[in-house]
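Okay, structure first, notes after.
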Amino acid sequence: KKRIFIYTIILTLFGLLMIYSSSSIISLYKYGNSYRYVLLQGSFFIIGLICLLVFSKIDYNLYKKYSNVFLLISFILLILVLIPGIGKVRNGSRSWFGLFGLGFQPSEVSKISLIIFVSKYLSNNERYKRETYKFIFPVFLIIILFFGLILLEPDFGTGMVIVMSLIGIIYV
């Protein structure tokens, strides 16, 4: 557990170095500060680290208990983001909510909620694992539904990351 945390910190610091390397000149030209993008990404890293520490203290059975609620909220958010005036268009994709001057993508929440839901589904329905239609088919319908909503944004890359992650979970 501690080793994974250390590796995450090292990879993030390497990522921040790469961001500085690739954006320092344009950042200096546009904003007069060559560290702007690094500082922005670093602040998101700190926020993410705090969230990691908080959420790691929560009993995982609570996530399992409320996985259906998380999935429903994700589904509603994915529908709301498609409505003009609610969802914001960035880079040709209506996949963002504007929130306090920051962007928020419901598809990112869907990644986590689908992983939790599929994991719970597979653990609760292990008795059907020899019957493919009863075991896999219902969960594939949910995956396809979410993938379809994400494609309507359109955000094919995020949709494929979700689908491939869930196929990997199902395979394992």
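The values are calculated or read from the model by the stated rules, or taken from the named source; none is laboratory data. Owing to the predicted nature of the structure, the values given are computational and were not obtained by experimental measurement. All Cβ positions, even for glycine, are placed from backbone atoms using ideal geometry, and neighbour counts span all protein chains on display. Surface areas here come from the heavy atoms of the whole protein model, side chains and all, with no ligands, DNA or RNA. Shrake-Rupley method; radii C 1.70, N 1.55, O 1.52, S 1.80 Å.
Using only the alpha-carbon atoms of the chain as identical scatterers, what base-10 log of I(q)/I(0) does the Debye formula give at q = 0.15, 0.18 Å⁻¹? The Debye formula, applied to the Cα set alone, gives -1.07, -1.31. Entry comment: accessible area of region 21-172 is 66 Å² per residue, from protein heavy atoms only and a probe of 1.4 Å. With the whole protein complex present, Phe55 retains an accessible surface near 110 Å², based on a 1.4 Å probe. In region 25-75 the Cα-Cα distances spread across 5 Å bins starting at 0 as 5, 17, 12, 13, 14, 10, 9, 8, 9, 4, 0 percent of all pairs. Using a probe radius of 1.4 angstrom, the carbon and sulfur fraction of the accessible surface of the chain is 71%. Cross-link check: pairs Lys2/Lys64; Lys88/Lys134; Lys30/Lys88 evaluated at a Cα-Cα cut-off of 28 Å; pairs beyond the cut-off: Lys88/Lys134. Counting other Cβ atoms within 10 Å of each Cβ, which trypsin sites (Lys or Arg not before Pro) in region 129-172 have at most 13 and sit in a DSSP loop? Within region 129-172, the qualifying trypsin sites (Lys or Arg not before Pro) (loop, at most 13 other Cβ atoms within 10 Å) are Lys129, Arg130. Of the trypsin sites (Lys or Arg not before Pro) found in region 37-90, those that fall in a DSSP loop while having at most 11 other beta-carbon atoms within 10 Å are Lys57. In this calculation the C-beta distance from Asn125 to Thr12 is compared with R0 = 35 Å, giving a FRET efficiency of 0.45.
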